[in-house]
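Contents: one structure, followed by commentary.
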């Protein structure tokens, strides 16, 4: 399974980041080309809004440049990048805690690149419900589902990102899916009643 | 296999991380456990359906900002890594404390030199990074302005609304952006964009030129909602100079009755602020 926005040439990004760490900051533009869309989608699905998602994506690339000296090959580029992304999101949440969050089901309209996915109104409504269920999850559980389902990361990588064993990462993703399933079921019942 | 292990394996199966032997073992467990089997069916289907959620795309503005930021960084990035510690560091005298024995003299000198090099390198490094990041963040604000201006010119109303949103996240409302927002209030075909632009201009309410422009804009508007929003803007900014404009506006024959009353009351309140 290959999730959206990911690519199999991790070694290339590692090489580019190693070059950035040596002072060749221009190499970051290659990493940006490879990763900006995936990062944007990660943040969009976390925040539910276009503008903060773009700001956070931008912030991650700035932080990767700033903390380039901390980059170590052993950990893997993706794990390192998503650790930075999670920290950037945590800072964003702290900063905006008092602001009104995106209301459930009120995520900004997404213009899909594949309109045929939305052939029927019923399917659109079902996807909207699924989206709401994902939005209702606590941030840390939503992060786990996003990393495993959408960002295409292995459980081993997720374990390194969130700081737990691979087996624990699997169990946590299972639990997050279970909770989302329960929320999704509740939402369907609400609609039906 | 216990049910607890099965959960771990189910998650692995969703991602295709199970080898054949493990998959067969999981299947055997599911065949004999109704609860796990139901969970696998339900959550597995949910996992698959998540793939149908649309994939959002970043706007062109993000690319513009990034390019500008990277160019800015390239300008501020020094070539090479300077860790040199100048010989001037040793200008002060330690005569009073200086030991007589050459072995102590050498030890102290070496220790000081190493400490100096380490501190100096760290300080230079930190200072250079801070300078670069400050320049970069400043550039980001500039590019945010460019992004706002670019988005406000887009054909799609959604993009123009994003442009207004960008302008609101700028630390200060730059004159060029304020002018673009006034232009949007005056001429945008979409009422929501006009209303959002009026809200975004609240930060410029201290600027008499902005208030004057919006007072003039009032007479051009055909939407009662926009008219009411502009009247509120002028009242909230306590712009007494707008009172005559409001009085004249309230006498228009084609005006919505509620807006007319709103304008009359607003003109009266602004007169009181004189």
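The values are calculated or read from the model by the stated rules, or taken from the named source; none is laboratory data. If you're wondering where the values come from, they're calculated on a predicted model, not measured in any experiment. Positions of Cβ are generated from backbone atoms using ideal geometry, with glycine treated the same way; all protein chains shown enter the neighbour counts.
Looking only at segment A:161-193, count how many residues are over 17 Å from residue A:90 (Cα atoms), away from every other protein chain (no Cβ under 11 Å) and part of a helix (DSSP H, G or I). Lay out the reasoning, then the answer.
Within segment A:161-193, the first condition is being over 17 Å from residue A:90 (Cα atoms), and the residues that meet it are A:164-193.
Filter once more, keeping what is away from every other protein chain (no Cβ under 11 Å): A:164, A:186-193.
Of the ones still in play, those that are also part of a helix (DSSP H, G or I) are A:186-192.
Here the count works out to 7.
Scanning segment B:190-201 for residues that are closer than 13 Å to residue B:179 by Cα and within 19 Å of the chain's Cα centre (by Cα) returns B:197, B:200, B:201. Count of segment A:45-57 residues, restricted to those that are facing another protein chain (nearest Cβ under 10 Å) and within 18 Å of residue A:80 (Cβ to Cβ), is 1.
Do we find that residue B:247 is assigned by TED's automatic domain parsing to the domain that holds residue B:180 and not in a helix (DSSP H, G or I) in this structure?
Details: assigned by TED's automatic domain parsing to the domain that holds residue B:180: yes; not in a helix (DSSP H, G or I): no.
For residue B:247, the condition - assigned by TED's automatic domain parsing to the domain that holds residue B:180 and not in a helix (DSSP H, G or I) - is not met.
When segment A:60-69 is filtered for residues that are surrounded by fewer than 20 Cβ atoms within 10 Å (Cβ to Cβ), within 9 Å of another protein chain (Cβ to nearest Cβ) and in contact (Cβ under 8 Å) with a residue 24 or more places away in the chain, only A:69 remains. Residue B:251 passes every criterion in (1) free of Cβ contacts under 8 Å to residues at least 60 places away in the same chain; (2) under 29 Å from residue B:147 (Cα atoms) apart from (2). If the condition is being under 18 Å from residue B:56 (Cα atoms), more than 15 Å from the chain's Cα centre (by Cα) and touching a residue at least 24 places away in the same chain (Cβ under 8 Å), then segment B:147-176 contributes B:157, B:159, B:160.
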